[in-house]
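The values are calculated or read from the model by the stated rules, or taken from the named source; none is laboratory data. The structure displayed is predicted, hence computed values, not measured ones. Counting neighbours? That spans all protein chains shown, and the Cβs are built from the backbone with ideal geometry, glycine included. Heads up: the accessible areas ignore ligands, DNA and RNA and are worked out on the full protein's heavy atoms, side chains in. Shrake-Rupley method; radii C 1.70, N 1.55, O 1.52, S 1.80 Å.
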Amino acid sequence: MRTFQIAVLPGDGVGVEVTDEALKILRVVQTRMKSVRFEMAPYAVGADAYRSGQDPLPESTLAACREADAVLLGAMGLPDVRWPDGKEIAPQLDLREQLDLYRGVRPIRLYHEADTPLKRYRAGEIDLVIVRESTEGLFSTRLAQRPHGADEVLDNLKVTRAGSERVFRAAFRIAGQRRKRLSLIDKANVLPSMVFFREVFDAIACEFPDVETDRLYVDCAALFLLQRPQVFDVLVTENMFGDILSDLAAGLVGGMGMAPSADIGDDCAVFQPAHGSAPDIAGRGIANPVAMILSVAMMLDWLDHAETTVAAEHLRAAVERVLANPNQRTADLGGKLSTSEMGNLIAAELEQTWHA
Ligand code: ATP
């Protein structure tokens, strides 16, 4: 029997609501496992924890995440809960840095033509992955103190050879398992750091001769994502560009509720939807749990056990079948289903179609 320890961090806002649905799905998966057991340990972290006088990410929770086989995270941060210096409480960023989760993997897939604001795209015709460098870039000085009373504030965009090489290699490997096409997204026409980023990319590209590459400036990538998303297979980019392009790409397939994500390092991994805590809809039971449930599928793949890999395939297929009916949608996609009704549909589909 193989036991996987899963640290569960529901966090804030809709994070809590979609995590309930993820756990519902994992309970179904558990009933189909023969030699795998999941042990889920919940931890209260995030802005809400800070508001009630606790540490938003205690050292003990961080240690538990480090020890766990995987971390399942809902969402963190609330706009009205801030550190004394005005920055938002964002333990999800601390987790990325502390656990050295250097690649943010964000698959974007269109499940039904009714979900995209673009014309003429059918299910599966938008199918790409954004790989976001997650430990450097323009986020690297986010913890710096703003000089009191300053009239000039600088943020640094940090690019290192080692940090770039590892994320590029990861992106090439992902592309190698897909349509074998990798686009570097940078701003090498303006920023010296991005010229260096591109040079490192070019050197790593020589290690992967069977993956076709191209190089695009980030502004042009934004345009092409909107005009011709079908040309993209895998995109790799800097931290801030990846942050922005992920939301744009999620918009192509129905919004943040459809965009799963995994933050992966060499030793640890955190699986969470690409969205935040969505305070505008939190507490009403209407959040779309699909992004979170697809993040669970990514986690099952990453655990890399014969049974969890099969479970991931079954889960993705169940999501696909549920979404094939455009009437089965939450409010973000014009539907009437609540968060738990959507979770129930996917759980029931999984149970009905996957016989152990
Ligand atoms: P962060 O910066 O923390 O990632 P954000 O500022 O990008 O967060 P989100 O919390 O992701 O903001 O919300 C962006 C928009 O997407 C909001 O209108 C929100 O209601 C919507 N949204 C986010 N998650 C979901 C979801 N699961 N279901 C439905 N709508 C969602």
| remark: In the range 52-64, residues that are within 18 Å of V16 (Cα to Cα) and either within 16 Å of the ligand (Cβ to nearest atom) or open to solvent by less than 30 Å² (accessible area, probe 1.4 Å) (or both) total 3
| message | Which count do you get for residues in the range 37-51 that are under 12 Å from P10 (Cβ atoms), without any contact (Cβ under 8 Å) to a residue 40 or more places away in the chain and not aliphatic (A, V, I, L, M)? | response | 3
| said: Just to be sure before I move on: is P192 closer than 16 Å to G137 by Cβ and out of contact with any Phe, Trp or Tyr (no Cβ under 6 Å at 6 or more places or on another chain) in the structure I sent? | reply: yes
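Picking from A205, A162, A222, which residue would you name as being in contact with a strand residue (DSSP E or B) (Cβ under 8 Å, 6 or more places away or on another chain), under 24 Å from L138 (Cβ atoms) and surrounded by fewer than 19 Cβ atoms within 10 Å (Cβ to Cβ)? Outline the logic, then answer.
Values: A162 fails: in contact with a strand residue (DSSP E or B) (Cβ under 8 Å, 6 or more places away or on another chain); A222 fails: in contact with a strand residue (DSSP E or B) (Cβ under 8 Å, 6 or more places away or on another chain).
Checking each option against the conditions leaves just A205.
Checking the structure you have, find out if any residue of the range 145-153 is touching a residue at least 40 places away in the same chain (Cβ under 8 Å), assigned by TED's automatic domain parsing to the domain that holds E199 and open to solvent by less than 40 Å² (accessible area, probe 1.4 Å).
The initial filter retains those residues of the range 145-153 that are touching a residue at least 40 places away in the same chain (Cβ under 8 Å), namely 145-146.
Still in the list and also assigned by TED's automatic domain parsing to the domain that holds E199: 145-146.
With open to solvent by less than 40 Å² (accessible area, probe 1.4 Å) added as a condition, the list becomes none.
No: zero hits.
Looking at the range 1-37, which of the residues that are part of a strand (DSSP E or B) and within 16 Å of the ligand (Cβ to nearest atom) is farthest from L78 (Cα to Cα)? Walk me through it before giving the result.
Start the filter on the range 1-37 by keeping residues that are part of a strand (DSSP E or B), which leaves 2-11, 36-37.
Now narrow it down to the ones that are within 16 Å of the ligand (Cβ to nearest atom): 9-11.
Details: L9: 15, P10: 13, G11: 10 Å.
Checked the range 1-37; the qualifying residue farthest from L78 (Cα to Cα) is L9.
For R96, are the conditions met, namely being within 13 Å of the ligand (Cβ to nearest atom), modelled with pLDDT of 90 or more and assigned to a helix (DSSP H, G or I)? Before the answer, list the steps.
Values: within 13 Å of the ligand (Cβ to nearest atom): yes; modelled with pLDDT of 90 or more: yes; assigned to a helix (DSSP H, G or I): yes.
Judged against the criteria, R96 is a match.
Any chance the range 223-233 includes a residue that's out of contact with any Phe, Trp or Tyr (no Cβ under 6 Å at 6 or more places or on another chain), basic (K, R) and over 19 Å from I108 (Cα atoms)?
At the first step, the residues of the range 223-233 found to be out of contact with any Phe, Trp or Tyr (no Cβ under 6 Å at 6 or more places or on another chain) are 223-233.
Among the residues that remain, those that are also basic (K, R) are: 228.
Filter once more, keeping what is over 19 Å from I108 (Cα atoms): none.
No.
When you scan the range 121-136, do you find a residue that is on the phi > 0 side of the Ramachandran plot and open to solvent by 70 Å² or more (accessible area, probe 1.4 Å), even just one?
Going residue by residue through the range 121-136, those that are on the phi > 0 side of the Ramachandran plot are 124.
Right, trim to open to solvent by 70 Å² or more (accessible area, probe 1.4 Å) and you get none.
No, the range 121-136 contains no residue that is on the phi > 0 side of the Ramachandran plot and open to solvent by 70 Å² or more (accessible area, probe 1.4 Å).
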| request: Mind checking which helices (runs of 4 or more DSSP H) fall wholly inside the range 229-337 and carry at least 3 residues that are within 16 Å of the ligand (Cβ to nearest atom) and surrounded by fewer than 20 Cβ atoms within 10 Å (Cβ to Cβ)? | output: 239-252
| said: I need every pair where a residue in the range 167-181 that is at negative phi has its Cβ under 8 Å from the Cβ of a residue that is surrounded by 15 or more Cβ atoms within 10 Å (Cβ to Cβ) and of a type in the set (K, R), sequence separation at least 6 or different chains. | reply: V167/R103; A170/R103; A171/R103; A175/R181
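Hey, could you check the range 65-85 for residues that are open to solvent by 30 Å² or more (accessible area, probe 1.4 Å) and at pLDDT 95 or above and say which is farthest from the chain's Cα centre (by Cα)?
Of all residues in the range 65-85, those open to solvent by 30 Å² or more (accessible area, probe 1.4 Å) come to 66-67, 69, 79-80, 82-85.
With at pLDDT 95 or above added as a condition, the list becomes 66-67, 69.
On the way: R66: 19, E67: 21, D69: 17 Å.
So the residue we want is E67.
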